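Presented below is the structure to which this report refers.
Since every read-out is calculated from the coordinates, none of them should be taken as a lab result. No experiment lies behind these values; they were computed from the predicted model shown. Heads up, the Cβs are rebuilt from the backbone with ideal geometry, glycines too, and the neighbour counts pull from every protein chain shown.
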2 protein chains.
Amino acid sequence: MAAAAAAPAATSVKADYEALCKKLKEVSALSGISGLLGWDEMTMLPAGATESRAAQKAALAGVLHEKQTEAELGELLRRLQAANLEGELDAFELANVREAARDYKKLTAISKDLAQREAELESRGYQAWVKARQESDFSAFAPVLQEWVNLRQEKAALVDPSVPVYDCLLDDYEKGMTAARLDEIFSQVKQGLVPLLAELRQRGQAPSDEWLKGEYDTKQQAELCNKIAVDLGFSLDHGRLDVSVHPFTGGTHPTDVRMTTRFKKEDLTEGITGAIHEMGHSLYEQGRNLEYDGLPVNSALGMGVHESQSLLWERMVGLSRPFAAYLLPLMRQYFPQLPADKTPDDLYAALNIVKHPSMIRVESDEVTYPLHIILRYELEKALIEGKIAMEDLPALWNEKMKSYLGCLFGYFPTYSLGAMYACQIFQAAQRELPGLDEDIASGSFGRLKGWLNEKVHKVGSLHTSGDELMKAVTGAPLDPQIFLDYLKHKYTELYQL
Amino acid sequence: MAAAAAAPAATSVKADYEALCKKLKEVSALSGISGLLGWDEMTMLPAGATESRAAQKAALAGVLHEKQTEAELGELLRRLQAANLEGELDAFELANVREAARDYKKLTAISKDLAQREAELESRGYQAWVKARQESDFSAFAPVLQEWVNLRQEKAALVDPSVPVYDCLLDDYEKGMTAARLDEIFSQVKQGLVPLLAELRQRGQAPSDEWLKGEYDTKQQAELCNKIAVDLGFSLDHGRLDVSVHPFTGGTHPTDVRMTTRFKKEDLTEGITGAIHEMGHSLYEQGRNLEYDGLPVNSALGMGVHESQSLLWERMVGLSRPFAAYLLPLMRQYFPQLPADKTPDDLYAALNIVKHPSMIRVESDEVTYPLHIILRYELEKALIEGKIAMEDLPALWNEKMKSYLGCLFGYFPTYSLGAMYACQIFQAAQRELPGLDEDIASGSFGRLKGWLNEKVHKVGSLHTSGDELMKAVTGAPLDPQIFLDYLKHKYTELYQL
Ligand SMILES: [Zn+2]
Ligand SMILES: [Zn+2]
């Protein structure tokens, strides 16, 4: 009988797939622990324990590398890739095999020793950065940065010596992306933004945010932001809200997402904007499909898509006119000293002031920052290609992002890609969810969150690139023009061009 | 030349020893991570993340077990034990080999699967306990406890089927101790304590603590206790102070010791006593010799010795007359409502009231609790030997300690051993540090801390048993009579017998 004859092969594919999943879930659990070490280091670790923490991170990174590169895993993947999987595995299961094979190929290229040196340097680098910042002394950080450059070059040479170093590093953050494609996208963005910014500077009537100046108790700010996070959909049953020097979203699992914020008493809006940003990251994490818990298809598609979720909430929602109608009364509840005569329109205008380009990331606006990113991208590429020297870098020193060595070389461009994805995704949401503006103005964010859960969060790494995800969600690959049109329309009105 | 001929062997022992240390340090770093998972679970973990945390703990326990039982480690130990180590390794290095071999032998007896089931059940057990406590429903916890009993029996049968189950489990907590020796010690304690307690009840004039009754803000209590902890020598540069439902001392490393406390607004002294107790554990942890960082000689000698350090500070210091002279003015600073006419003698008396034996651990006193422990010990032994049934246990339900499955079967007796060690160690300290009482009364704890650092903390697991450590520190093995004499003298005076 045909069924009986086919059975052994089927069983074998399924058995291999199950064995693969078991291994991948173990790796996922260990990665979750690594997430805890990182979160704890940023929020809880005593100052005198940085050395032992570095040793712990290195030990765990070593174990993870062993598990992720073990021969048995490679053998399972080889058999599965050689088998005919059509009809045996569904699209999510196929994506698990595909992503696992991709990771395995990348990781087996580098040595356990290199992985440990990376982890150790990342930890040491953060401490060196904090110290150097305190003492405003770039030279205390430069040697660590140089070590990092060397490690990145070493890594790229091992993974794929046939492609440019920067392309190889970029692929870790944004699958399938190349410097050539980025150059294309960024040149289009530059072409559109440079004249817009010049016009804003020359003829624009900058709105005022003078009325927001003042002192705001940071504990009250934290409570306000926790309220906003919960309103937007952050689940405290599956996460924590804490305070740290550099705001970030981490944690150990979709059921344990830990978001941090920071507050300055002299700046009320920066804390709110930063909190909404991290909340966007958190919703992406909390929104994963637990049916595929611990499997690669359930991980984030990439950094660009991750940023698209934070920036969608921060900018498309948080900096929108309807959101100001929700936010202003709430701000008044926590800070009754705010002037009574100001309207949501005034808040909307104040939140969207185009700032000077020297501003640091979390304070920067959506018009100038892309140009800044493009500059950084060009500098990073030059640095990794050995075309500029470390001594020329102090100009970039006043950058929070530099604290994370792991974010250098390949990460930055994803921020701008994220802004463009966010714009295009939000446009699709507005099309598909009539009355969305009214929802936002009245503080009802559930429909948008649910839509993002279905369209973006739950599909994780099902698609092979940001462009593929954009096609599935919006009907077309990334189109920078949508972003440029949005900015032009918004700021022409705001600055009365 | 003789030197040249001897060289190869010497090099080989040293090389093996260094290779051993490298492996042991990796295990130590991973154990530190396991400590973080535990601390975080008790203080930080969102309620909805217990399942993923259990998976993480199980994954890490599995990795630890793999590392601790790998064949290469066994081979190194075999070679080192076969070699002539005299003159090659010093006493601390010899202890490293000895302790590593002991652990290896124990661990290779049990399977990875059993280790993972234990870790998983411990985590699940804690959650089940919290829930059952909330609902005052022992039957919700009994099945978990029964699973634990089964796992313990399974483990003992694998490790050493030739010794009684209870002896085998006891050895994990208190090296070299047996139920037979415990029966001896405990029968001497019983013989001394039962008549003392009867006398206290019949003829004793109980001091009053009525004047301490009242409401005390728990945040103020926490600040008072943090002040006391720092005064006693707790380093905030190498540790944290937090609040948790059940006070404990954990952390990841001697430079990262995390102690938690809890406070009730209606009981001021319980919080203080509990904090001093945990502080004693913390000083033992922070006091380790970093020269042997990550090696077995640097780990705690055992639970009994650990308790000796907490109880030395809690009872010998914290419940002493001189300490009351330091404490009362401090309490008044934080709680000005305390009656102005009370003296340190009044506080000393109030702190040392002999309570009803049904009191739970952290509220119990030094006279009745040993008898309670002895009862528990007898029950545990009966339970593990199958001589009583699970249904008979709800009587013991009102016990905080039951939250930790890992503390059941073998752990409890160490608490009383710790009280006796503490008494004997403190007597030696008083002999060697003239003027110690005056130090304590004036809030100078540095000499005592330094003495304990040298005599107890830094020697870690150098000695092979509690008795050996007692010989080195006090000149004689554990002598329960010292403890009985101390209690008799103290309470005869306090209760005017
Ligand atoms: Zn972000
Ligand atoms: Zn204790």
Enter the Cα centre distance for the pair the stretch B:481-497 and the stretch B:91-149, rounded to the nearest angstrom. 38
Relative contact order (percent) for the stretch B:23-154, with alpha-carbon contacts under 8 angstrom and 6 or more residues of separation? 28
The protein assembly as shown, Kirkwood Rh and Cα Rg, ratio Rg/Rh at 1.00
Check which residues have an amide H placed less than 5 Å from A:Asp242's amide H, if you skip close sequence neighbours. A:Met259, A:Thr260, A:Thr261
Between A:Glu51 and the same site in the other copies, what are the distances in nm, shortest first, taking label points 7 Å from Cα along the C-beta direction? 4.3
Put the label 7 Å from Cα along Cα→Cβ for B:Trp211; what are its distances to the other copies, in nanometres, shortest first? 6.1
Once the label point is set 7 Å along the Cα-to-beta-carbon vector, what list of distances in nm do you get between B:Gln333 and its counterparts in the other copies? 4.0
Label model pair A:Lys227, B:Leu330: point-to-point distance (7 angstrom along the Cα→beta-carbon line) in nm is 4.0
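Taking the Cβ of B:Phe263 as the centre, find all other residues whose Cβ is under 11 Å away and add up their charges (Lys, Arg: +1; Asp, Glu: -1).
On the way: positive: B:Lys219, B:Arg262, B:Lys264, B:Lys265; negative: B:Asp217, B:Glu223, B:Glu266, B:Asp267, B:Glu270.
My count for the surroundings of B:Phe263 gives -1.
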Across peptide A:35-48, how many C-beta atoms of other chains are within 10 Å of each residue C-beta, on average? 5
Roughly how crowded by other chains is peptide A:253-259, in terms of the mean Cβ count from those chains within 10 Å of each of its Cβ atoms? 5
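Which whole-number percent is the relative contact order of chain B (Cα, under 8 Å, 6+ apart)?
Numbers: 652 pairs, mean separation 97.2, N = 497.
This gives 20 percent for chain B.
By its C-alpha gyration tensor, with a ≥ b ≥ c as the square roots of the eigenvalues, how is the stretch B:179-494 shaped: rounded for a/c under 1.5, else prolate for a/b larger than b/c, else oblate? Can you show the working numbers first?
Details: a/c = 1.30, a/b = 1.07, b/c = 1.22.
Note, shape of the stretch B:179-494 comes out rounded.
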A:Ser299 long-range amide H proximity, modeled H, under 5 Å: A:Ser461
For the protein assembly as shown, what is the calculated [θ] at 222 nm in deg cm²/dmol (nearest 500), taking -39500 (n - 2.57) for each run of four or more DSSP H residues and dividing by its residue count? -20500 deg cm²/dmol
Under 21 Å from the Cα of B:Lys455, which lysines turn up, not counting those fewer than eight places away in the same chain? B:Lys175, B:Lys471
Filter B:Lys57/B:Lys219; B:Lys23/B:Lys155; A:Lys342/A:Lys488 down to the pairs with a C-alpha to C-alpha distance above 28 Å, please. B:Lys57/B:Lys219
When the Cα centres of the stretch B:205-282 and the stretch A:236-295 are compared, how far apart do they sit, in Å? 31
What FRET efficiency comes out for the pair A:Asp242/A:Glu135, r = Cβ-Cβ distance, R0 = 22 Å, nearest 0.05? 0.25
Count the net charge of all other residues whose Cβ sits under 15 Å from the Cβ of A:Tyr348, scoring Lys and Arg as +1 and Asp and Glu as -1. -4
Listed by chain and number, the aspartates and glutamates with an alpha carbon less than 12 angstrom from that of B:Lys490, same-chain partners under 8 positions apart left out, are B:Glu366
Once you list every other residue whose beta carbon is under 9 Å from the beta carbon of B:Arg321, what net charge do they have if Lys and Arg are +1 and Asp and Glu are -1? -2
Against the longest alpha carbon principal axis of chain A, how many degrees, from 0 to 90 and to the nearest 10, is the axis of helix A:142-159 turned? 40
